[in-house]
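Worksheet: the structure to be examined is printed underneath.
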Amino acid sequence: MQTQRSTRRGLRTALAAVATGALVAGLAAVGAAMPAAAAPEQAPSAVNGYRNVGYFAQWGVYGRAFQAKQLETSGTAADLTHINYSFGNINYQSLECFIANKAQGTGPNGSDGAGDAWADFGMGYTAANSVAGTADTWDQPLAGSFNQLKQLKAKHPKLKVMISLGGWTWSKNFSKAAATDASRKKFVKSCVDLYLRGNLPVIDGRGGAGAAAGVFDGIDIDWEWPGSPNGEVGNSVDTANDKTNFTLLLKEFRTQVDALTAENGHPYQLSAFLPANPADIASGGWNDPEKFKYLDYGNIQGYDLHGAWNPTLVGHQANLFDDPADTRAPAQRFSVDKAVKEYLKTGIDPKQLGIGLAAYGRGWQGAKSSNAWTAATDAAPGTWEKGNEDYDKLKTLGTEYYDAALGAAWRYDGNQWWSYDSVKSTTRKSQYIVDQGLGGGMWWELDGDRNGELVGTLADKLRAAKKGPASDPVGTTPTTPPTTPPTTPPTTPPTTPPTGGCTATAWNSTAIYTGGQKVSYNGSEYTAKWWTQGNTPGTNDVWGLVGSCSTTPPTTPPTTPPTTPPTTPPTNPGTCTAAAWAAATAYSGGAVVSYSGSTYKAKWWTQGNTPGAEQWGPWEKQGAC
């Protein structure tokens, strides 16, 4: 996943690393002094005993302009039981949870040290775009999406917010963090302190001890994938020990979150994003019942079962059942039902499982037939990523097709062929959830379904079904006060996103711009198409969007690795007209470079990422020169 998708250097200083010996001793002392906690009271999950989980992407507040208020105004918040805020990163040096302002692509391996504290808790909201209808002030410790989600919870007391750790882009350091008892304790403590206790680093006048207390109700583990080579290039993988260490890591999370519950009375949940590929399930031991002793529940990847990483074969990316017409090798013929059975066969309680649904599509162009598993010429164009498009933009494209036997929907317009989840496939999957006694469903990602059409369909169908088996703990909300806010404003109150992504001059409503001039506004960069003055970028046709300045991690990746990209340039690369890529140069979204005989376009702000080296990296290949 999805996908996890900022600027400037700087590791958090508020959560100092604790010496291993002192940490172990401290935890032992806490455990000895604390009485055993009673099991928290349970209540049926808020949608008739089912969970309806949605991922809220950190980077969506920029180019996508999708903020928490949209969940309120659309009615989506009332249809959700959980929001997974994606993603939290793991520091490559300390192997701890952390938050910083540092752009993706600036570290030794892209994700090292990356974070977006501005989106998390720094960005100020006006009264018009805040959930509560009140403007943020310069001196409040908590702003950004964290504060907006806290306001959303105030309006919907049964709604729970989880912090998702890792994702496709930020799973690199899970294996190292899970490797030893000492590293597990240190890692988990840092995550509990940062997100559940809310002890934020102080950045640009925001944050501090306890500033984010009460925002998060638990932790969602998105390790993609323990023990498997099918994750992002550069991930640390220990094929011999990850499976066992993963179980021990979940046990440590359970131990420490339960200890915090005993301390403050608030019950915290632990969930996980579960793979669909049987090979990845086996590599990480995901269907080991012991893991589900520590997890409250997990959501199975129900999408990215196929995609335009195979650019010449159209097919279903979110089919509920196996397709007999699937022409791929047997080990690559995936379905939601096949994945669910991998978990149920080991004795895992169905109520602990949810199935993932897609609020986006995977697509191809050059398709000559409306039938699946036929030829195409390339990935279809997408707003943010080639071969990927939001449900909102697909739902009226061409003609809708639906196969009830497969539980699969797609659209075809005579050229483009898109596999996605529709109202019909969502309805069928809701019935499958009920029939199998599962705990609910999950959505990647909420900004693809801005008005909650699909999320609401699932909620309505589950409300109308027999009562579901899922339950959630109930308890008090932690009330740890934040530190005293600063008594004087910062020298320059932060009013724009971090500068590591946007390199163009900020837009000025009184300035006159001519065609071709570039500006930055609200976290994105725009180019003027013609003479303009006073036209706000992103609200009209005068300005063309170049791209988001912040990192946009890709949505959750395919369950099998895509075809390995060529390691040598074409034998006759031709002449490249674009400037040659330079490792030391910082490029913003939309920049075009040449490298090894091909032209590439930057999807987002990047520095040091070699074009063509990463399937899900910041560079999109435009073609040979």
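The values are calculated or read from the model by the stated rules, or taken from the named source; none is laboratory data. Model, not experiment: these values are computed from the prediction. Cβ coordinates were reconstructed from backbone atoms using ideal geometry, including for glycine residues, and neighbour counts include every protein chain displayed.
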Would you point out which residue out of P618, P573, P611, P569 is modelled with pLDDT of 80 or more and surrounded by 13 or more Cβ atoms within 10 Å (Cβ to Cβ)? P611
Just need a number here: residues in region 322-341 that are surrounded by fewer than 20 Cβ atoms within 10 Å (Cβ to Cβ) and in contact with a Phe, Trp or Tyr (Cβ under 9 Å, 6 or more places away or on another chain). 6
Going through region 304-347 in order, the residues found to be among the hydroxyl-bearing types (S, T, Y) and within 15 Å of D280 (Cα to Cα) are S335, Y343
Looking at this structure, is G122 buried (at least 22 other Cβ atoms within 10 Å of the Cβ), of a type outside the set (K, R) and more than 18 Å from the chain's Cα centre (by Cα)? yes
Residue by residue through region 55-93, note down the ones that are charged (D, E, K, R) and assigned to a helix (DSSP H, G or I). K69, E72, D79
Can you give me the ranges of the strands (runs of 3 or more DSSP E) entirely in region 156-222 with at least 1 residues that are at positive phi, at pLDDT 95 or above and in the same structural domain as S271 (by TED's automatic domain parsing)? 160-166, 206-208, 218-222
Considering region 392-446 alone, what residues qualify as being among the charged types (D, E, K, R), crowded, with 24+ Cβ neighbours inside 10 Å and farther than 25 Å from D326 by Cα? E445
Only one of (1) of a type outside the set (D, E); (2) more than 22 Å from P278 (Cα to Cα); (3) surrounded by fewer than 22 Cβ atoms within 10 Å (Cβ to Cβ) does not apply to P350, and that is (2)
Say whether the condition of being part of a helix (DSSP H, G or I), at pLDDT 95 or above and closer than 22 Å to D222 by Cα is met by at least one residue in region 126-148. yes
Has region 404-417 got at least one residue that is outside any loop (DSSP other than H, G, I, E, B) and closer than 23 Å to Q622 by Cα? yes
